[in-house]
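The values are calculated or read from the model by the stated rules, or taken from the named source; none is laboratory data. In this text the structure is predicted, and so the values were computed from the model without any measurement. Please note: Cβ atoms are built from the backbone with ideal geometry, for glycine as well, and neighbour counts cover all protein chains shown.
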Amino acid sequence: MHEDAERCVRAVQSKDSRFDGWFFTAVLTTRIYCRPSCPVVPPKPKNMSFYPSAAAAQHAGFRACKRCRPDATPGSPAWNERADLVARAMRLIKDGVVDRHGVPGLAARLGYSTRQVERQLQAEVGAGPLALARAQRAQTARILIETSTLPMAEVAFAAGFSSIRTFNDTVREVFALSPTELRGRGRPGAAAGALSLRLPFRAPLCPDNLFGHLAATAVPGVEEWRSDTYRRTLRLPHGHGVAELRPTGASFIDCRLILSDLRDLTTAINRCRRLLDLDADPTAIDELLAADPVLAPLVRKNPGRRVPHTVDGAEFAIRALLAGEGWGPVSVAAARTRAARLVAAHGTPVADPGGGLTHLFPAPAELTGLDPATVVLPRRRRDAITALIAALAADSVDLGAGSDWQQARAQLSALPGVEPGTVETIAMRALGDPDAFTAGDPGVALAAAGLGLPSTPTALSHRSAAWRPWRAYAVQHLWAAGDHPLDGPPAGAGPAPAPFTTAVSRVG
């Protein structure tokens, strides 16, 4: 979009927050870059230049605006809507792959040469992987500076900088403030491990099915719903963590992170954002789905529905097979019970300062010795779980942030006993494919029949072509059309907050 100057100028002049994250406005006279919704008086069009990413604007020599905090905008929806090289690379960079393994490691994960990856990112995003990772490190440093009392040397290390000098120079260059000055503008909290943040999103956002689904399917020991807050353990590259996420009724999600290693902050934030689908573009999604007269009343009733995703693709795939194709309260409870037994027997114990959470969900490598007879399931599905665990442990099935969605589908379908509906469920929740569609799901079929839509999988799949590329979101609305146990607000949560309709301008 940044190449359409006329459209960008209109968005800036109208301060349209819907375009935050889609492009960034650089002011040639002040050498500052802003989000489109910046509250200051818009510059003259001749003094505007547009960039596709904050990293590109920083690389061109512009610093972040102190008013609108453009580095804290929701991420571009494009990277979660596509599965091409650039989108996969952006998801991996957000997950911290460049900081941990460098550009060669990123290229190896993508299956391309370093030169190809750099050229494609430069062409579309305006910055290479190193510049993108640097911008992300600067954002992590700002969060740590403003929300903790950690010494600056520890902040620099945790944010991924190789030296204090590089850390100081980057902070001054990006924010036009020294680290000490930046801390004076923040709200410091705990000194060790626990950080309170605000995760922005594009409005509107409907929290009912999002938190209702997570709470209803929560695995004891790994997840819980307590005091209107969803809590879960996180397996992270350098250690483990606990995430606490709460819908506030305002314009952001309250997030509290307790980390064993602060180097995992960026990864933990991005996994929480991915879990709640916070980088989605609800305006575009609702506009297309509402064009269908059958779905229009459902969209008007609950605009901004999100798809509840996951923090760990391998974990969700195993849980999906434990759940099977069932639908309803009994099936949900049975799936939780099976998963809880697996966690108690094979999960890694962790300490939760808040109590209630006891384990990390076991990694595939920890389940390779699993005796299928201990899993109370039909033999065909037990065999499927064994095959899936072996494939995940051997890296022959990739369900990570940078996976190729169609290749992952093919890898899953090749495993014995994995049903097509389960493959699409994994594509929807674990891979984040916005066009995944569970046509054979009993809840979807029941809702479709009640709305006068075809209820057979083949006919419904054909009818759903009008909802592409947002069929995963159509599934959420179809579930909402009936009495689905996963659709409403979490039990004991009190009245559901109204759909959130204003985007936030700050993280941290």
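G417 fulfils the conditions (1) on the phi < 0 side of the Ramachandran plot; (2) modelled with pLDDT of 90 or more except for a single criterion, (1). Within the range 359-389, restricting attention to residues that are in a loop (DSSP other than H, G, I, E, B) and in contact with a helix residue (DSSP H, G or I) (Cβ under 8 Å, 6 or more places away or on another chain), which residue is surrounded by the fewest Cβ atoms within 10 Å (Cβ to Cβ)? Of everything passing the filter in the range 359-389, V376 is surrounded by the fewest Cβ atoms within 10 Å (Cβ to Cβ). Condition check for A317 on (1) in contact with a strand residue (DSSP E or B) (Cβ under 8 Å, 6 or more places away or on another chain); (2) outside any strand (DSSP E or B): one failure, at (1).
When I258, I285 are checked against the criterion of being among the β-branched types (V, I, T), over 30 Å from D99 (Cα atoms) and either touching a helix residue (DSSP H, G or I) at 6+ places or on another chain (Cβ under 7 Å) or buried (at least 22 other Cβ atoms within 10 Å of the Cβ) (or both), a single residue qualifies: I285. Among the candidates D279, D292, D352, the residue that is more than 28 Å from T438 (Cβ to Cβ) and either part of a loop (DSSP other than H, G, I, E, B) or not assigned by TED's automatic domain parsing to the domain that holds G452 (or both) is uniquely D352.
Considering the conditions (1) assigned to a helix (DSSP H, G or I); (2) under 23 Å from F201 (Cβ atoms), S76 is excluded by exactly one of them, (1). Residues in the range 423-436 that are in contact with an Asp or Glu (Cβ under 6 Å, 6 or more places away or on another chain) and without any contact (Cβ under 8 Å) to a residue 40 or more places away in the chain: A427, A436.
Within the range 213-248, the set of residues being farther than 21 Å from T348 by Cα, within 17 Å of the chain's Cα centre (by Cα) and part of a strand (DSSP E or B) comprises L245, R246, P247.
Summed over the range 9-64, residues that are among the small types (G, A, S) and in a strand (DSSP E or B) total 3. Applying the set (1) outside any strand (DSSP E or B); (2) under 30 Å from N302 (Cα atoms) to S162 leaves exactly one unmet item: (2).
Among the residues of the range 446-475, the ones that are touching a helix residue (DSSP H, G or I) at 6+ places or on another chain (Cβ under 7 Å) and free of Cβ contacts under 8 Å to residues at least 24 places away in the same chain come to 3 in all. Only one entry of I93, I143 meets the criterion of being in contact with a strand residue (DSSP E or B) (Cβ under 9 Å, 6 or more places away or on another chain) and either in a helix (DSSP H, G or I) or small (G, A, S) (or both), and that entry is I143.
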